Amino acid sequence: MTNPTLAPYAKEGECELRVTAKAPTQEEAQALLLPKVEELKARFGALVYGVDVPSLEYVVLEGLKARGLTLGTAESCTGGRVAERITALPGVSSVYRGGVVSYWTSVKAAVLGVPQETLDQYGAVSEETARAMAEGARQITGADIAVSVTGVAGPDRDERDNPVGLVYIGLATPEGTFCRRTDSGRRRRDRIQELAANHALDVVRRYLTGLPIG
């Protein structure tokens, strides 16, 4: 490609593609850009969360507003990063109801209402617990939908020998509860947490736009 040009920028947990065109006028440059942007969107499909948008959490916020839905969160290994990222945006109070950071297993049971038998049988890091956390967050916050995160951020495996980097994302909605399993491998603790927060926001984004959660 010579005009327009394509430049990839690797970011934490995502990749930004910058398309640049040169032309005598802005209108002519746009005419060169748009077909290439559409081609990229078609090629990458659901992986593209927006064009000329500042962040994934911004897309989630705008999606919640457009659908007239509210969101709640339940976080374990991310320690509140999902809530922190979305509440950093202006206007979020109209759609974000609140969240729980349930680091201890006992808090998952006592506050979020995760059944003790679920925790005993499957452990805190499991699809079953992620689903129950999301359902609990939806109930106690009164939100239309709720997302949960539970996993192993490291530096060591958990008490059930689950590997570092294993994370489950739950999403409770009026249509049912869904779950995404991710494994980012052995990375730095903060990177696993940030990637897990990205996955949580992406799950919400996919639900809001009618895309498959997985």
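The values are calculated or read from the model by the stated rules, or taken from the named source; none is laboratory data. Note that the structure is a prediction, hence the values are computed from the model and not measured. Cβ sites come from the backbone with ideal geometry, for glycine too, and all protein chains shown count toward neighbours. The accessibility values were calculated without ligands, DNA or RNA, using every heavy atom of the protein model including side chains. Shrake-Rupley method; radii C 1.70, N 1.55, O 1.52, S 1.80 Å.
Here are the numbers:
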| item | result |
| --- | --- |
| So residue 127, is it over 18 Å from residue 214 (Cβ atoms) and of a type in the set (Asp, Glu) | no |
| Scan of the stretch 193-214 for residues that are of a type in the set (Ser, Thr, Tyr) and assigned to a helix (DSSP H, G or I), ordered by number | 207 |
| Strands (runs of 3 or more DSSP E) contained in the stretch 1-115 and holding at least 3 residues surrounded by fewer than 16 Cβ atoms within 10 Å (Cβ to Cβ) and either in contact (Cβ under 8 Å) with a residue 60 or more places away in the chain or over 18 Å from the mean Cα position of the chain (by Cα) (or both) | 5-11, 14-20 |
| Qualifying residue in the stretch 116-134 (condition: more than 21 Å from residue 201 (Cβ to Cβ), outside any loop (DSSP other than H, G, I, E, B) and open to solvent by less than 20 Å² (accessible area, probe 1.4 Å)) | yes |
| Residues located in the stretch 189-210, provided they are among the charged types (D, E, K, R) and free of Cβ contacts under 8 Å to residues at least 40 places away in the same chain | 189, 190 |
